[in-house]
Amino acid sequence: MSGWALAADAVVLLHAAFVAFVVAGAALLWRWPRVVWLHLPAALWGAWIEVAGAICPLTPLENGLRARAGEAGYRGGFVEHYVVPVLYPEALTRELQWALAAGVVAVNALLYGGWIASRRRRRSRDGIR
């Protein structure tokens with residue numbers, strides 16, 4: 001395997017980790033509250049990419065590395081190529097992209113709501129205003 005192919009695989013792993021962070025990174029707030037400064041922009045970016053129908057810059061980077069390795073790239077975005085075939089039997093549609101964006105927002109709204117509520121409970125318990 002060439003260095004370019006390894007780099008492309010590393011980009012896929014980074015991309016997958018970023019998607020996981022976008023979807024559920026707010027769960028880290030209970031342990032590391034300052035993650036909010038990284039997670040909130042990442043979650044907004046992830047939702048925007050889906051709503052706008054845009055392609056994350058990591059996708060062309062991966063495809064470029066694959067081309068340099070003599071491998072074929074792919075059309076569409078990361079979610080359409082790697083995630084959708086695993087989760088859904090049909091191709092990515094705009095409606096599905098909106099649903100994915102709504103899912104990101106809903107999961108994170110629940111996680112942020114729980115985190116904010118736990119901080120308020122702790123502050124009132126400790127007598128902090």
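Observations on the model:
- Simple point charges give the picture: +1 on the Cβ of Lys and Arg, -1 on the Cβ of Asp and Glu, and for the chain a dipole about the Cα centre of about 1080 debye.
- The apolar share of the surface of the chain, taken as the fraction of accessible area on carbon and sulfur atoms (1.4 Å probe, ligands and nucleic acids excluded), comes to 67 percent.
- Value at 222 nm in deg cm²/dmol, rounded to 500, when DSSP H runs of n ≥ 4 in the chain each add -39,500 (n - 2.57): -22500 deg cm²/dmol
- The length gained by stretching the chain between R31 and R68 to full extension, at 0.36 nm per residue less their Cα-Cα distance, is 9.2 nm.
- Surface accessible to a 1.4 Å probe, E95 within the full protein complex, Å²: 130
- Gain upon complete extension [A20, L44; 0.36 nm per residue less C-alpha separation]: 7.3 nm
- Nearest-ten-degree value, helix 36-52 long axis tilted from longest Cα axis of the chain: 50
- Lys/Arg +1, Asp/Glu -1 at C-beta; the chain dipole; positive extreme among G70, A117, Q97: A117
- Ranked from largest to smallest solvent-accessible area, with a 1.4 Å probe on the protein heavy atoms, V35, V51, V105 come out as V105, V51, V35.
- Label-point separation in nm, D126 to A5, each point 7 Å along Cα→Cβ: 5.3
- Order by protection proxy (mean Cβ within 10 Å, highest first), peptides 106-113, 117-124: 106-113, 117-124
- Summed over the residues of the chain and divided among them, the accessible surface reaches 65 Å² per residue at a probe radius of 1.4 Å.
- Other residues whose C-beta falls under 12 angstrom from the C-beta of W4 contribute a net charge of -1, scoring Lys and Arg +1 and Asp and Glu -1.
- Pairs of alpha carbons in the chain whose separation is greater than 19 Å (percent): 57
The values are calculated or read from the model by the stated rules, or taken from the named source; none is laboratory data. Model, not experiment: these values are computed from the prediction. Neighbour counts run over all protein chains shown; Cβ positions are idealised from the backbone, glycine included. Note: areas computed on protein heavy atoms with side chains; ligands, DNA, RNA excluded. Shrake-Rupley method; radii C 1.70, N 1.55, O 1.52, S 1.80 Å.
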